[in-house]
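S.K.: Following this message is one structure expressed as structure tokens.
Rule-based calculations on the coordinates, nothing more; no lab input. Model, not experiment: these values are computed from the prediction. Heads up, the Cβs are rebuilt from the backbone with ideal geometry, glycines too, and the neighbour counts pull from every protein chain shown.
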Amino acid sequence: MKLWLWAPFGVLVMAAGFMGYRMGQVPGETELIERYAALYVAERGEGAQLSDCVARPSGLPDVRLVVTCVFAPGDEVRYFVGKRGAQMEPSGGWDDEDRI
């Protein structure tokens, strides 16, 4: 039996394993802040900057970070980031007066 015939299958298995490993990684906080700041800039459009955004840890269960982007006083967007980096809505307990 010729082993070189199995080489493409081996490469495919290794690539799938690597991609599965990377997908299982929890993103770091810097990566999450950059991701949501970029989302804000894309949604807001002209005049929005990455530096409009700040983040802080959340005291809510299941919410890892709260990223707040302020375009002008009174004009802000808030992103709630889950434990694995997904955007979510808090399940209660968020005090709107608790601003950055």
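S.K.: Condition test on Arg35, is it out of contact with any helix residue (DSSP H, G or I) (no Cβ under 6 Å at 6 or more places or on another chain), within 20 Å of Glu89 (Cα to Cα), part of a strand (DSSP E or B) and not β-branched (Val, Ile, Thr)? First the steps, then the outcome.
M.R.: Working: out of contact with any helix residue (DSSP H, G or I) (no Cβ under 6 Å at 6 or more places or on another chain): yes; within 20 Å of Glu89 (Cα to Cα): yes; part of a strand (DSSP E or B): no; not β-branched (Val, Ile, Thr): yes.
For Arg35, the condition - out of contact with any helix residue (DSSP H, G or I) (no Cβ under 6 Å at 6 or more places or on another chain), within 20 Å of Glu89 (Cα to Cα), part of a strand (DSSP E or B) and not β-branched (Val, Ile, Thr) - is not met.
S.K.: Right, something else. Tell me which residues, restricted to region 1-50, are more than 22 Å from Val81 (Cβ to Cβ), surrounded by 10 or more Cβ atoms within 10 Å (Cβ to Cβ) and of a type in the set (Phe, Trp, Tyr).
M.R.: Trp6, Phe18
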